[in-house]
Amino acid sequence: MLKYIIRRTLLIIPILLAVIFIVSFIMELTPGTPGRVLLGPVATQEQVDLLDQKLGTDRPFLERYFDYIKNILLHFDFGNSYRTNKPVVKELLVRFPYTLKLAFAAVLGSSLLGIPIGVLMAAKRNMLIDRSVNILAMVFAAIPSFAMALGMIYIFAVKLEWFPPYGAKTWKHYILPMATLILPASVGRMRLARTTMLEAIRQEYITMARSKGIPENRVIFVHALKNSLIPLITSILTSFSGMLGGTIILENIFGFPGLGAYIINGINTKDAPTVLASTTFLAAVFCLTSLVLDIIYALVDPRVRERYKTVGK
């Protein structure tokens with residue numbers, strides 16, 4: 001198992017190198033130069049060239065790429081932002097807690113809401129509550145996140161004036177972004193819980209437990225739910241990684257000072273160090289989450305643990 005973990009950890013390095021290369025190449029293909037974007041259309045070409053030379057963006061692409069990798073490996077230096085001239089790591093650490101709070105609250109809220117409802121739907125399958133919740137879930141799943149965000153702002157911020165529509169100064173500023181993330185995510189969690197529970201309920205050991213006279217609540221919440229945990233754990237952890245990088249649109253709509261707004265500003269201004277540091281960080285989080293997920297698999301399922309032992313030999 002330890003050998004497998006070490007292999008997976010080392011595999012993160014080439015993945016991050018590939019991510020940096022792909023993002024750098026995409027940034028290179030976008031029109032304009034950082035000098036032109038920062039100085040605007042009124043600046044002369046000479047001024048633009050001088051700024052590009054100062055930033056080092058006039059050098060060949062591969063030379064810049066390998067210098068960037070060298071600075072990371074030797075000095076853990078992700079460069080300075082072209083816009084603020086501050087180290088992007090410091091700016092990243094300031095903005096990341098906002099996105100982390102939002103993503104964690106969304107994953108926790110959607111799990112606490114979606115999983116119990118999904119279990120209830122499986123226990124009451126094909127009954128009125130199952131069909132009603134299914135219809136409601138399809139409605140929420142069909143609404144785009146930006147449309148739901150704008151609707152939340154219009155109803156609860158503009159009309160009712162219950163919550164502020166912009167910023168992240170108090171806990172009230174988190175309510176609308178969290179609700180916008182929790183409702184669609186809970187739908188996916190709910191449907192997955194329902195599907196996995198139905199598969200577990202159809203197994204022979206559930207029939208055996210019922211034939212022994214074990215109470216139905218214990219059959220559902222102990223025997224069936226326990227064997228449905230792996231898909232649910234996968235969904236929770238992968239959605240956490242996805243929400244860290246998937247809140248870009250919502251953070252801009254709600255004026256949230258997190259990673260999403262930071263990345264968008266970096267893309268709009270061709271601020272390559274900002275975009276590269278942010279995407280590399282998110283890719284590293286996703287890789288580490290996948291590793292943690294594999295370890296949890298081994299702890300939950302002995303069969304998976306034995307397979308990892310075989311792979312590690």
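I want to verify a result. In a Gaussian network model of the chain, Cα cutoff 10 Å, which of these has the top mean-square fluctuation: Val139, Val19, Val42?
In the Gaussian network model the winner is Val42.
In whole Å, how far is the Cα centre of the stretch 27-45 from that of the stretch 51-96?
17
Specify which residue in the list Gly79, Ser111, Tyr68 is farthest towards the positive end of the charge dipole of the stretch 1-114, using unit charges on the beta carbon of Lys, Arg (+1) and Asp, Glu (-1), about the Cα centre.
Of the listed residues, the answer is Ser111.
Using a 1.4 Å probe and counting only protein heavy atoms, arrange Asp294, Asp271 so the residue with the most accessible area comes first. List each step's numbers first, then the result.
Details: Asp294 25, Asp271 0 Å².
The ordering from most to least exposed comes out as Asp294, Asp271.
Using the Cα gyration tensor of the chain, with a ≥ b ≥ c the square roots of its eigenvalues, what is the shape: rounded (a/c below 1.5), prolate (a/b larger than b/c) or oblate (neither)?
Values: a/c = 3.31, a/b = 1.59, b/c = 2.09.
Note, shape of the chain comes out oblate.
Mean residue ellipticity at 222 nm from the helices of the chain, using -39,500 (n - 2.57) per DSSP H segment of n ≥ 4 over the full residue count, to the nearest 500 deg cm²/dmol? Intermediate results must be reported in sequence, preceding the final value.
Numbers: 14 runs with 231 residues, N = 313.
So the calculated ellipticity at 222 nm is -24500 deg cm²/dmol.
Using the Cα centre of the chain as the reference point, and only Cβ charges (+1 on K/R, -1 on D/E), how large is the resulting charge dipole? Debye, rounded to the nearest 20. Walk me through the numbers on the way to the answer.
Numbers: 33 positive and 19 negative charges, 282 e Å.
For the chain, the charge dipole is close to 1360 debye.
Looking at the chain as a GNM with Cα springs under 10 Å, which of Ser211, Ser111, Ser145 has the largest mean-square fluctuation?
Comparing Ser211, Ser111, Ser145 in a Gaussian network model of the chain, the most mobile one is Ser211.
Which is the longest run of the chain containing none of the chymotrypsin sites (Phe, Trp or Tyr not before Pro) found in DSSP loop states (not H, G, I, E, B) with at most 15 other C-beta atoms within 10 Å? Please list the in-between numbers first.
Details: sites that count: Phe76, Trp162, Tyr166, Trp171.
No qualifying site falls inside 172-313, the longest such stretch.
Once label points are set 7 Å from the Cα along Cα→Cβ at both Leu160 and Phe140, what is their separation, rounded to one decimal in nm?
1.5
Run the 1.4 Å probe and let me know the accessible area of Met127, rounded to the nearest 10 Å².
Number for this one is 100 Å².
Say we join alpha carbon atoms closer than 10 Å with springs in a Gaussian network model of the chain; which of Leu128, Leu176, Leu16 then has the biggest fluctuation?
Comparing Leu128, Leu176, Leu16 in a Gaussian network model of the chain, the most mobile one is Leu128.
The values are calculated or read from the model by the stated rules, or taken from the named source; none is laboratory data. Remember, it's a predicted structure, so these values are computed and weren't measured experimentally. Neighbour counts are summed over all protein chains in view; Cβ atoms, including those assigned to glycine, are modelled from backbone coordinates with ideal geometry. Accessible surface is based on the protein model in full, side chains and every heavy atom, while ligands, DNA and RNA are left aside. Shrake-Rupley method; radii C 1.70, N 1.55, O 1.52, S 1.80 Å.
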